[in-house]
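Any read-out appearing in this document is the output of simple, stated calculations on the displayed coordinates, not a laboratory observation. This structure is a prediction, so every number in the text was calculated from the model and none was measured. Note that we place each Cβ from the backbone using ideal geometry, even for glycine, and neighbour counts take in every protein chain shown.
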Amino acid sequence: MIQRRKFLESGLQVFGAALPLASNAQSALSRFKGTTLRINYPAHPHYDRVERQFARFTELTGIRIEGHRTPYLEMKKVQLASFAKPAGDFDLVSYLILWKVEYAQQGYLRPLEPFFANPQLAMRDYAFDDLITPYVDAIGRVGGPKTYLPGPGSRVYGLPCGSETSVLGARRDLLDKYNLQMPTEYSELFKACRLLHEKEGIGGLATRGQAGHHITHAWLLHFTPHGGKVFDADWTCVLHNHGGVKAVEALREIVAMAPEGVAKATFAEMQENFLQWRAAFYLDSSSVLGVGKDPKHTKLSDRFIYAMHPSGTRLSGQTGGFGLGIAANSAQSEAAFMFLQWLTSPGVDLTVAREGGAAGRWSTLSDPDFKASNPEQAIMRFALRAANPDWRPLIPEWDKISKDITGRLLPEMVYGNRSIASGLASISADVDAETLRTGRRSATSGQLRKPATPSHL
């Protein structure tokens with residue numbers, strides 16, 4: 001078991017008198033005093049807590065942190081503009097999981113192994129293996145199987161910083177009132193949803209429903225648990241399989257019992273429907289665990305209970321959220337690495353999680369004080385067992401597919417009269433056309449033809 005240095009019990013203690021570096025690395029830190037690092041990140045609850053650490057790192061090291069907070073929907077555009085410059089606007093960027101392969105393959109991010117191998121930079125007690133493995137695999141690794149899974153050829157380009165899996169949430173008071181157990185399977189979940197929708201007159205399960213990315217995400221939550229997969233080994237689209245059909249059927253039933261306005265519901269509206277008691281159940285990002293305790297969002301947190309993502313034919317939960325990496329065109333990459341490893345180190349990860357951010361380390365989830373003050377987080381060690389790094393294809397094409405193909409056609413099946421078979425067949429055909437256009441799939445052989453990849457992968 002990895003042993004983790006105990007930082008001071010008070011808030012200041014986390015930052016110590018010095019970074020826990022080897023002696024030569026500690027002396028090398030003086031080279032960076034007076035440096036300004038620029039970091040781009042989303043408007044997101046996790047990064048609200050991360051921002052609080054900037055001044056403390058400056059006090060400790062003399063390295064100034066300049067935060068650039070960007071609305072989520074504008075963040076990629078801003079980052080791509082920075083990457084296109086000889087000297088970028090940012091030294092570190094927070095990126096959505098869907099962008100990792102594109103960013104790595106295009107050479108926008110620096111691989112991190114050389115930094116960790118440098119004794120003048122590496123923190124002595126960083127404990128890389130203590131980082132939550134499914135998050136590292138999903139958010140950070142590029143170059144392995146399918147270009148995005150862990151395995152031979154993969155390298156780490158980013159670290160978890162706002163990473164998520166999925167959890168099932170419920171109104172504890174309603175479960176008790178009707179003598180219901182927390183569902184562990186989809187059949188139990190829908191039975192409970194129907195009962196509470198009928199008896200209480202509220203939504204059964206809160207869901208996203210807006211066309212585009214959001215309805216695709218809602219469908220995917222039920223896709224892999226029912227055995228679905230998007231591509232076969234030759235990158236031919238097969239999402240019209242049994243799992244795809246079951247996922248649409250599930251989403252149809254959920255929408256029929258959803259709170260008013262479901263067709264326009266984004267992540268924010270979906271989460272508020274649960275936190276404000278307009279729905280009995282929640283099944284989506286684990287970020288609800290922190291937000292669900294925030295009095296700005298709800299005064300009813302003591303009524304919520306959480307469990308693993310329910311199983312269909314298998315256990316399979318979401319992997320998503322954000323990672324943090326070093327921009328390849330940063331002129332301060334070594335100083336940026338010092339901040340990156342410090343921010344994701346055991347003591348600071350614990351501090352961020354205590355304040356309501358997402359835990360990125362097993363040791364944080366196991367910390368006795370953290371568990372005592374955040375009992376809802378106990379579910380995370382179980383939920384992460386189901387976290388699936390192949391929950392959806394992390395390929396550059398998926399951003400367009402999820403918004404413009406699945407996100408356009410799913411509403412016709414969920415809200416309209418289009419048959420599931422016809423709709424999914426159209427989606428598969430359009431996805432095949434897109435992967436043919438990008439060169440990921442060959443028209444003649446159907447064999448995998450990967451896009452050009454830099455030699456360092």
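Between residue 430 and residue 87, the simple label model (points 7 Å from Cα in the Cβ direction) yields a spacing of 4.5 nm.
Taken over segment 169-237, the ratio of Cα radius of gyration to 2.2 N^0.38 Å equals 1.42. Ranking 218, 312, 393 by Cα position along the charge dipole of the chain, where only Lys, Arg, Asp and Glu carry charges on their C-beta atoms, puts 393 farthest toward the positive end.
For residue 70, nonlocal amide neighbours, meaning residues 5 or more places apart or on other chains whose placed amide H falls under 5 Å from its own, are 41, 43. Calculated FRET efficiency, residue 74 and residue 278, Cβ-Cβ r, R0 30 Å, to nearest 0.05? Calculated transfer efficiency: 0.55. Pairs of alpha carbons in segment 264-342 separated by more than 19 Å make up 55% of all such pairs. A simple charge model with +1 on the Cβ of Lys and Arg, -1 on the Cβ of Asp and Glu and nothing else charged puts the dipole of the chain at about 380 debye relative to its Cα centre. The tail of the calculated P(r) for segment 304-454 beyond 25 Å holds 56 percent of all Cα-Cα pairs. Between the residues 248, 265, 329, the greatest Cα displacement towards the positive end of the dipole of segment 235-366, with unit charges on the Cβ of Lys, Arg, Asp and Glu, is found for 248. Distances longer than 25 Å among the Cα atoms of segment 173-296: what percent of all pairs is that? Distances greater than 25 Å cover 26 percent of the Cα pairs.
A simple rule links phi to the HN-Hα coupling: the Karplus curve 6.51 cos²θ - 1.76 cosθ + 1.60 with θ = phi - 60°, which for segment 54-68 gives 4, 5, 5, 5, 5, 4, 6, 10, x, 8, 8, 10, 10, x, 10 Hz, with x for Gly and Pro. Quick check of the Kirkwood formula: for segment 22-132, what is the inverse mean of 1/r over all pairs of different Cα atoms, in Å? Taking the inverse mean of 1/r over all distinct Cα pairs, segment 22-132 comes out at 15.8 Å.
What translational D, rounded to a whole number of µm²/s, comes out for segment 65-221 from Stokes-Einstein when the hydrodynamic radius is the Kirkwood one over Cα pairs, at 25 °C and 0.890 mPa s? In µm²/s, the coefficient rounds to 127. Projecting the Cα atoms of 139, 287, 277 onto the charge dipole of the chain, computed from C-beta unit charges around the Cα centre, puts 139 farthest toward the positive end.
Taking only the Cα atoms of the chain, the radius of gyration and Dmax are 22.3, 68 Å.
Distance between the C-alpha centers of segment 362-376 and segment 37-89? Whole Å please. So the two Cα centres are separated by 28 Å.
This ranking places 339, 370 by how few other beta-carbon atoms lie within 10 Å of each, fewest first, which gives 370, 339.
As a proxy for reagent exposure, 137, 176 were ordered by neighbouring Cβ count within 10 angstrom, fewest first; the result is 176, 137.
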